[in-house]
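Engineer: Here you go, one structure.
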Amino acid sequence: MKNFLSSKLFKLIWSAGLAALLYLTCPPCFSKQTLGILLATMLVIINIFPWLATAKGSMSTIFNWFTQIVRIFVGGLFIFSGFIKANDPLGFSYKLEEYFEVFKLDTGWGFFEWFAHISLPLAIIICASEIILGVMLLLGMKKNLTLWLLLAQIAFFTFLTFYSACYNKVTHCGCFGDFLKLRPWESFWKDVILMIAIAILFAGKENIKEFLPPMIVSLLFLLGTIFSIGFPVYAYRNLPPLDFRAYAPGDNIKKNMEKGAGYKDPVYESVLVYMNLKDTTKLREMKQDEYMKSKIWEDTLNWKWKATENKLISEAVNPPRITDFTVNDTSGNNISDLVLNEKNYSFWLIMYDIKKTETDPELCAKIKDFIKLATGEKYKVIAMSASGKSDINAFKKKTGIECDFVTVDMIVLKTMIRSNPGLMLMKDGTVIANWHHNNWPSFSEVKESKMKP
């Protein structure tokens, strides 16, 4: 029995069975023809490619070089992806939280809410694991363990991106943070390519070997592990060392709100979805013209309206980088222009959720002292929050922090700075500098180093 389980025949049986299961359960959003081609490709890689790795002569040499190229590609991409996410672990945790909220709503399973609460440590673990696995693959360490962990991780992300793309749930996967925003289907195909690449590495795993002395391999692995854990922790406790967002120091918010040259609006099309009453898994999607010709609404015995969806036909061309920045005063009046066109230096105190804002007494004392000195020299200080009046009043009473509060969308505030509270120095809509609450500056420091006369 043991020999059979490790035989090529058993590998063919389980791989073909899994492929058949995936093909039969293919949802309507994905082409069965495309899936069939992908599954056939994987079957060839799993069952035929191992023979190439052990073949004699030039074929074996070519496949060995091919394996090494794929190995560098996969290892390098995992390290790069992990590094970009580790650069902004808080932003990545927001994305994970978004996924968990979607899964909770769609499944009704409460444990996804628990995952949402631990999204930050999960984000750091995922960032670190990507870097560590990439390093292990390049070094040739524990190749069987490394390959299985790589496969498990990419299978998890492939499911996330496919679900997101198929059901239009999360519009940006967060795979490469704000450095490169991939649409759901783009992210899914990236994961498919990685899945195929990892399958090739399994087929040629005999060619994956340590190419350095064991002591050097261990040292490099240790350094990689320390960096993979230390870097995201540092980025979380400070601010992202590499800032790719539209609110980074040096960026002008007003300019980033402008449409680019040759701007074109996105194009949407209404699609009506009808469900077959005799087979509820059978859905029919129709555009408006097809719907009117079919008169399907008259066939009430066989069809029932399920939904009307607005599908994106083509995305906007050269859209503004910022589309949702709006500032309202406590009375609900839009004061965005007033805030952005302040010609003098001003300070924005960002607190996206007052209830979650750090209220350490020492920090509060620094903030109060900063506000007192800044306003004393006629510089405006405004606090931006998405919280309501009652929460703001309770916060003022608890901390003694007094300044003008305005309302901004929570997601926008989370994007502006990865700190709660955080401080931004502004002038005429331009971000001059920003600070994490762990690095709260003194007013004299800011005035001397960042504010030109």
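Engineer: What number comes out for the charge environment of A116, summing +1 per Lys or Arg and -1 per Asp or Glu over other residues with Cβ under 15 Å away?
Structural biologist: -1
Engineer: Could I ask something else about it? Of the options P184, G422, L151, report the single residue whose Cα projects farthest towards the positive end of the charge dipole of the chain (beta-carbon charges: Lys, Arg +1; Asp, Glu -1).
Structural biologist: The listed residue farthest towards the positive side: L151.
Engineer: Still on this structure, please answer the following. Using alpha carbons only, how many angstrom separate the centre of the stretch 358-407 from the centre of the stretch 43-75?
Structural biologist: Cα centroid to Cα centroid, the span is 62 Å.
Engineer: Spelling out what I want: for every residue of the stretch 76-86, take phi, set θ = phi - 60°, compute 6.51 cos²θ - 1.76 cosθ + 1.60 (Karplus), and round to whole Hz; glycine and proline get x.
Structural biologist: x, 5, 5, 5, 5, 4, x, 5, 4, 6, 5
Engineer: What are the ³J(HN,Hα) couplings of the stretch 388-401, residue after residue, when phi is run through the Karplus curve with 6.51, -1.76, 1.60 and θ = phi - 60°? Round to Hz, x for glycine and proline.
Structural biologist: Each residue's phi maps through the Karplus curve to give x, 4, 5, 5, 5, 5, 5, 5, 4, 5, 6, 9, x, 7 Hz.
Engineer: Give the long-range amide H neighbours of I335: residues separated by 5 or more places, or on another chain, with amide H under 5 Å away, using H modelled in the peptide plane at 1.01 Å from N.
Structural biologist: Close amide H contacts, sequence-distant or interchain: V327, N328, D329.
Engineer: Might you report the magnitude of the Cβ-based charge dipole of the chain about its Cα centre, with Lys and Arg at +1 and Asp and Glu at -1, to the nearest 20 debye?
Structural biologist: Dipole of the chain, to the nearest 20 debye: 940 debye.
Engineer: Could I ask something else about it? Which label belongs to the value computed from this structure, given these candidates for volume of the Cα convex hull per residue in Å³: [x] 148; [y] 233; [z] 222?
Structural biologist: The listed entry that was calculated here is [y].
Engineer: With a cut-off of 8 Å between alpha carbons and a minimum separation of six or more residues, what is the relative contact order of the stretch 115-224 in percent?
Structural biologist: 32
Engineer: Can you tell which of V217, L272, F92 lies farthest toward the positive end of the dipole of the chain, using +1 and -1 charges on the Cβ of basic and acidic side chains (Lys, Arg; Asp, Glu)?
Structural biologist: V217
Engineer: Size of the dipole of the stretch 389-428 about the Cα centre, Lys and Arg at +1 and Asp and Glu at -1 on the beta carbon, nothing else charged, in debye to 20?
Structural biologist: The dipole of the stretch 389-428 has a size of about 180 debye.
Engineer: Would you work out the charge dipole size for the stretch 255-353 about its Cα centre, treating the Cβ of every Lys and Arg as +1 and the Cβ of every Asp and Glu as -1, and quote it to the nearest 20 debye?
Structural biologist: Charge dipole, the stretch 255-353, about its Cα centre: 400 debye, nearest 20.
Engineer: I would also like to ask the following. Give me the lysines in straight-line cross-link reach of K32: C-alpha distance below 18 Å, same-chain residues under 8 apart excluded.
Structural biologist: Here the lysines satisfying the reach criterion relative to K32 are K282.
Engineer: Could you give the longest part of the chain that holds none of the trypsin sites (Lys or Arg not before Pro) found in DSSP loops with at most 15 neighbouring Cβ atoms within 10 Å?
Structural biologist: Here the longest run is 57-141.
Engineer: Could you run the Karplus curve 6.51 cos²θ - 1.76 cosθ + 1.60 with θ = phi - 60° over the stretch 133-142 and give me ³J(HN,Hα) per residue in whole Hz, x for Gly and Pro?
Structural biologist: 5, x, 5, 4, 5, 5, 7, x, 7, 6
Engineer: Could I ask something else about it? State the number of lysine pairs found in the stretch 48-237 whose Cα atoms come within less than 16 Å, restricting to pairs 8 or more positions apart or on distinct chains.
Structural biologist: Lysine pairs, 8 or more places apart or on different chains, close enough: 12.
No value in this document is a laboratory result; all are computed from the given coordinates. Everything numeric in this text was worked out from a predicted model, so none of it was measured. Counting neighbours? That spans all protein chains shown, and the Cβs are built from the backbone with ideal geometry, glycine included.
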